[in-house]
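Below is one structure, written out as C-alpha cells, with a few remarks after it.
The values are calculated or read from the model by the stated rules, or taken from the named source; none is laboratory data. Nothing here was measured: the structure is a model prediction, and the numbers come from that model. Positions of Cβ are backbone-derived with ideal geometry, glycine not excepted, and every protein chain shown enters the neighbour counts. In case anyone asks, the SASA skips ligands and DNA or RNA and just uses the protein heavy atoms, side chains included. Shrake-Rupley method; radii C 1.70, N 1.55, O 1.52, S 1.80 Å.
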Amino acid sequence: MMKTILAAAAVALMSTSAMAQDTISEFRIGVLGGENAQDRMASNECVRAYVQDLLGVETKIFTPADYDGVIQGLLGGTIDMAWLGASAYAKTYLTDPEAVDVVLVKTNLDGSVGYHSIGFARKDRNINSLEDMKGKVFAFGDPNSTSGYLIPSVEIPQEIGATMDNGDYFGEVKFVGGHEQTIVAVNNGEVDAGVTWADGQGNWEDGYNSGALRKAVDSGLIDMNDLVQIWKSKEIPEGPIVLRRSLPADVKQKVVTFLSELHAKDQQCAYNMAAGETSGFTPISHEAYETIIAVRKAQAN
C-alpha cells in the first residue's frame, strides 16, 4: 500500500515539475526556529548527510532566526526543503500557491497525523487552568507558529470570553521567539504560562511522545515534574514537509522516498528530526491544510 501511495506521489511531483530546472548544484534544507540554531543543526545533521549522499550535491542546513526566514527562503528559491507548521505553510501558500509542493507529514505512533497546542505553567506558581491566569503574563512563540500562536489565539479567547489584548484578561501577552524560548521563559519564571506543541500522546513526565516538550526533556532543559498542563487545544493537523516546486522531478522523488523510509532505515535519525517517537513520515496533500489556510486568511483580513 505504501509503495502505491509513494508511486502516486511521485507521478504528482513529476507533473508539477514540468517546468522545473533540469539539474541542481546544491540542496538547501531550512529548519524553522523554535530552538537554538546549534541544536537545530545537530538534530538534522544526519538528514543532511543522507541527502548529500543521495543527490550527490552539497547539502546545507539553514536555520533562520524565525519562522518567516524559512518561509521567505522557500518563496525566494534559496531553500529547497523544509518541515513547516500548518500556519507557516498557509502563509507560504497564500503568498504564492505555486512555490512549494506538500509531500509528507510526521505520523504519530497510533497512526494519527495531528498534534496539540499545550498551555503550561510552573507547578509552584499555583496555576492550574486559564482561570488562574487572569491578570498574569502569557507567552506566545512565533507569529507564524500554528500551535505557538495561531490556534491558541483563536481558541483561548473563545474559552475565556475575552481578547488576547494586554489587560483585557491576561495582564500581558508577549512573543518570546519560539517553542524553546517559551519553555525556558516559563521554566525560569520569566512569564507565568505559555503555549508549545506536543502530540499529546504518551506520558506528561516524558514531555509526551514527541514535540517541543519532549525535545526539551531530552536536552535536559526541563523536568516535566516542575510543570503542569493548564490548557490543551483541539487537534491540529501536523505541518507538512514541503519541497520547492521548481526542483527537478527526480530530485523530489528521491528525497520523498528517502524520508518515507527514514524511520525504518535509521530510527535515531528519524527521532532527532521528528522531535521524538513517531511512526515515520507518510504522504499527505494540500487539501489537509485548507482549514488552517482559511483561518490564517480570515485573521489577516
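Data overview
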quantity	calculated
Per-residue HN-Hα couplings for the range 111-125 [Karplus 6.51, -1.76, 1.60; θ = phi - 60°; Hz; x = Gly/Pro]	x, 6, 10, x, 8, 9, 7, 10, x, 8, 8, 6, 4, 6, 8
Computed magnitude of the charge dipole of the chain (debye, nearest 20; Cβ of K, R +1, Cβ of D, E -1)	420 debye
Amide H partners (placed H, <5 Å) of PHE170, local residues excluded	GLY135
At R0 = 45 Å, FRET efficiency that the Cβ-Cβ distance of SER129 and GLU98 yields, to 0.05	0.50
Relative contact order (%) - the range 123-271, alpha-carbon pairs under 8 angstrom, separation at least six	22 percent
Using alpha-carbon coordinates, inclination of helix 249-265 to the longest axis of the chain, degrees	60 degrees
The range 224-234 - phi-based ³J(HN,Hα) in whole Hz, Karplus 6.51/-1.76/1.60, Gly and Pro as x	4, 5, 8, 10, 9, 7, 10, 6, 9, 6, 5
Ellipsoid equivalent to the range 70-205 - semi-axes via the Cα gyration tensor, in Å	29, 18, 14
Under-5 Å amide H pairs with PHE62, H placed in peptide plane, nonlocal only	ILE29, GLY30, VAL31
Net charge of Cβ neighbours under 10 Å - reference LEU109; Lys, Arg +1; Asp, Glu -1	-3
Nearest-ten-degree value, helix 151-160 long axis tilted from longest Cα axis of the chain	20 degrees
Cα-based helix-to-principal-axis angle, 290-300 vs the chain, degrees rounded to 10	60 degrees
Average projected area [Cα convex hull, the range 35-92], square nanometres	4.1 nm²
Value of relative contact order over the chain, rounded to a whole percent, pairs C-alpha under 8 Å and six or more apart	28 percent
Spin-label model distance (nm) - ASP226 vs ASN301, 7 Å beyond Cα toward Cβ	4.5 nm
Calculated FRET value between ASP168 and ALA37, using beta carbons and R₀ = 41 Å, to 0.05	0.70
P(r) tail fraction, the chain - alpha-carbon pairs more than 23 Å apart, %	54 percent
Residue-averaged [θ]222 nm for the chain, counting only DSSP H segments that reach four residues, each worth -39500 (n - 2.57)	-12000 deg cm²/dmol
Contour minus Cα-Cα distance for GLN268 and LYS234 (0.36 nm per residue)	9.3 nm
Sulfur and carbon atoms: percent of accessible area, the chain [1.4 Å]	49 percent
Assigned charges on the beta-carbon of Lys, Arg, Asp, Glu; the range 111-212 dipole about Cα centre (debye)	100 debye
Dipole of the chain, positive direction: furthest Cα of GLY239, TYR169, ALA288, with charges on the beta-carbon	ALA288
Inter-label distance for GLU205 and LYS136, nm, one decimal - labels placed 7 Å from Cα along Cα-to-Cβ	2.4 nm
Rounded FRET efficiency, nearest 0.05, which uses the C-beta distance separating HIS286 from GLN52 and R0 of 30 Å	0.60
Charge sum, other residues only, whose C-beta stays under 15 Å from GLU277's C-beta, Lys/Arg counted +1 and Asp/Glu -1	-4
Accessible area expressed per residue, the range 191-266, with surrounding protein chains retained (probe 1.4 Å, Å²)	35 Å²
³J(HN,Hα) computed for each position of the range 77-82 - Karplus, 6.51 cos²θ - 1.76 cosθ + 1.60, integer Hz, glycine/proline x	x, 9, 10, 9, 8, 7
1.4 Å probe accessible area per residue over the range 22-126, in Å²	39 Å²
Potential lengthening between PHE175 and LEU109 on full extension [0.36 nm per residue; Cα-Cα distance subtracted]	20.6 nm
